[in-house]
Structures are given as C-alpha cells and as structure tokens.
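Participant: Below is one structure. I have some questions about it.
The values are calculated or read from the model by the stated rules, or taken from the named source; none is laboratory data. In this text the structure is predicted, and so the values were computed from the model without any measurement. When we count neighbours, we look across all protein chains shown, and the Cβ atoms used for this are built from the backbone with ideal geometry, even at glycine. Heavy atoms of the whole protein, side chains included, go into the accessibility calculation; ligands, DNA and RNA do not. Shrake-Rupley method; radii C 1.70, N 1.55, O 1.52, S 1.80 Å.
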Amino acid sequence: MSSGRATQELLDRLVEGARAAARAGRVADYIPALARARPEAVGAAITSVEGELLESGEARAGFTLQSVSKAIALPYVIDARGEEAVFSRVGKEPTGDPFNSIIRLEASSLKKPYNPMINAGAIVLSSLMPGSTGEERAAGFRGYAAALLGLPSLALDEEVYRSEAATANKNRSIAWFLKELGLVEGEVDEALDGYFRQCATLVDAASLSRCGACLALDGLEPGSAGGSGRRLMSERAARVTKALMCSCGLYDGSGAFCVEAGIPAKSGVGGGILASARGRAGIGSYGPALDPRGNSAAGLSIVEGLSRELGLFAL
Ligand code: GLU
C-alpha cells in the first residue's frame, strides 16, 4: 500500500465524507432487532497483505454478518465438501433480483438457486456444512470465520438470531421449496437454523478487513512478506468466491458497484461490506443505513473511494 500515513488520511477523509451518504440511507427493520442500529454509525478498516491494520470511525463497533456470511460460507463448504457438492445444487450466475427472491426457483429451467450469494443458495450451503444440527453447523462456521478474521473465536448475537428466526417467513418458504427440489441435505429446519445463526455472527469492520486480506492472498493468512504462509482456504475456493462476489456480491447493485470499484465485495443488511483487492489489501466497512438495494450507503462510498484513490481496480 502507499505510505501508511497517506492511507490513514485518505481513510479518515472517506469515512467523514460517507456520513452524508449514511444520512440518506435507512436501517433494515424487516428483522426487528436490526432496527436498533444507529443509522449515523460509520467506520472502516484496511488490512494490507502484510497484516498492517488501519482503521477509522466506528471500525470496532459490533454488527451481525448477515449476507456477508455468504462469502465465508462458500469457501468453507467448497473446502469441506468439494466443488461438485456445491455446484451440483447451486449455480454461478447473477439474478438481478433481490436477495430473498423466490421467483426463479420455480420459474427458471435451472431448478436450483442461481448462486450462493442469494438466500436460496446460502440455505442450501448451510445444509451442506459439517454437523447435523443448525447449532453444530454454525459453531463450525464461526470457528472457520474466526480464523479468517484473525480472532480466537466469534460470538452469536442471540437477539438478532431469535428476531430473524421468529420472523423469517420468506426464508422458510424458500427452504421448503428447496427441499421439494431435493437440494437441502437433512432437515429443513436445521438448514434454516444454521443459516439464521451464521447471519447473526457478531463481527466488526476491522476484523472483516483481515478476512479481505486473506482473500487478497488467495487464501493465505496475512503477514509479513506478503502472507504468513499459513493457508486458511484453498486457492481454488478463494478464486471461486471472489469471482462470485464480483458478479453477485452486492445484490442487484453488483454490476454498478463493479463498474465503480472493480473489486470483489460482499454486503449484508447488518451494514457490513467485505472487499478484497488482490495482492494488496482487504477492506471492511460498517454503516447500517442502507441504500434502496440493501447495501450500506456509507460503505459503498468508502469502498468505491478507496478503490478509486488507491488504484485497486482489478479488472
Ligand atoms: N439474514 C438475512 C436474510 O436472510 C440476510 C440478508 C442480507 O444480509 O442480505 O434476510
């Protein structure tokens, strides 16, 4: 990265500048517990591939992964079960539909979720995780995610988990339809429970940026001399994940984001964005006020700004 001081100043400037975008956004409330987030909160962090962390604003504020978890579940399941187990049940194509859409499951000839970054695909992947109950699977997921985020462990936000589990009628409909298509392994309720728990994993922007740096190293742990050498995910899983983040990571705003930022990223309705610039750095951002597509309004402005100003564009 350019000098640490210049990058810190840039990050501070972008975080400050993103506050206006945050004011124009809205906190998600369809999961009732998410509505308690402060819409004005904004924070971001960058971790270089050498493992150097820069942070600004509320980079240590806790929030739940929500759909950012899909970019972590994918390499987890690819490495645990193999690519064939995943992609025989889930496609690799963008939809242009909202994340929780059910319409193509029946209407298209594919007869499987279009990709692992939408709810339908993620529920299938949840059913493929090691373990037989949602609780066991989510505990395995949290252990895997903690290593990527450079933390000893990760916690579950019980309130958000319960709030989603109590209100997720659409996800229940999707999951039962997936069962009808023969795509859910084991019990539908356990696949859903694991999915709600994975979404309710508590993180912050600083540790998300470290996960982005691991992806930037094609699966190696960040550290001095361009990675510590410890492999946290297979190179292939990292490549596949980043490709699908590029085409499907920001809901039906993925194309526009790719035009502006040109790097793989994944957002979630908890307000997080995870992004990765190959061979350079990982970015994590937090801003729970969302744009109409469900992407963090502040996060988009920060990640796009960093990509533009640091020349991270990979395409
Ligand atoms: N748990 C959320 C849901 O399934 C995740 C949505 C998101 O972040 O896109 O509705």
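Participant: Can you give the calculated 222 nm mean residue ellipticity of the chain, where each DSSP H run of n ≥ 4 adds -39,500 (n - 2.57) and the sum is split over every residue, rounded to the nearest 500 deg cm²/dmol? Please list the in-between numbers first.
Facilitator: Numbers: 13 runs with 151 residues, N = 315.
After summing the helix terms and dividing by residue count, I get -14500 deg cm²/dmol.
Participant: How much of the accessible area of region 1-130, probe 1.4 Å, is carbon plus sulfur, in whole percent?
Facilitator: Answer for region 1-130 is 51 percent, counting heavy atoms of protein chains only.
Participant: Follow-up. Select from the chain the helices, each a whole stretch of DSSP H, whose alpha-carbon atoms run 15 Å or more along the helix axis and whose Kyte-Doolittle mean is at least 0.5; answer none if there are none.
Facilitator: 70-81, 205-216, 297-310
Participant: Residues of region 198-279: accessible area per residue at 1.4 Å, in Å²?
Facilitator: 27
Participant: List the lysines whose Cα sits under 22 Å from the Cα of Lys242, skipping any in the same chain fewer than 8 residues away.
Facilitator: Partners within reach: Lys70, Lys92, Lys112, Lys266.
Participant: If we sort 262-273, 57-68, 151-162 on the protection proxy, mean other Cβ atoms within 10 Å, highest first, what's the order? Don't skip to the end; give the middle numbers.
Facilitator: Values: 262-273: 28.3, 57-68: 23.0, 151-162: 16.4.
Peptide ranking by packing, descending: 262-273, 57-68, 151-162.
Participant: Next up: Compute the accessible area per residue over region 57-100, keeping the other protein chains in place, probe 1.4 Å, unit Å².
Facilitator: It amounts to 35 Å² per residue over region 57-100.
Participant: Given a 1.4 angstrom probe, what's the average accessible area per residue across region 124-164, in square angstrom?
Facilitator: Each residue of region 124-164 exposes 38 Å² on average to a 1.4 Å probe.
Participant: Now a separate question. Charges only on Cβ, +1 for Lys and Arg, -1 for Asp and Glu: so what's the dipole of the chain about the Cα centre, in debye to the nearest 20? Numbers along the way, then the final one.
Facilitator: On the way: 33 positive and 36 negative charges, 81 e Å.
Magnitude of the dipole: close to 380 debye.
Participant: Which residues does a label at Lys170 reach in region 49-71, if reach means a backbone N under 16 Å from a point 7 Å past the Cα toward the Cβ?
Facilitator: From region 49-71, the list is 66-68.
Participant: Tabulate in residue order the Karplus-calculated ³J(HN,Hα) for region 54-63, using 6.51 cos²θ - 1.76 cosθ + 1.60 with θ = phi - 60°, rounded to whole Hz; enter x for Gly and Pro.
Facilitator: Along region 54-63, the couplings run 10, 9, 8, x, 8, 6, 10, 6, x, 8 Hz.
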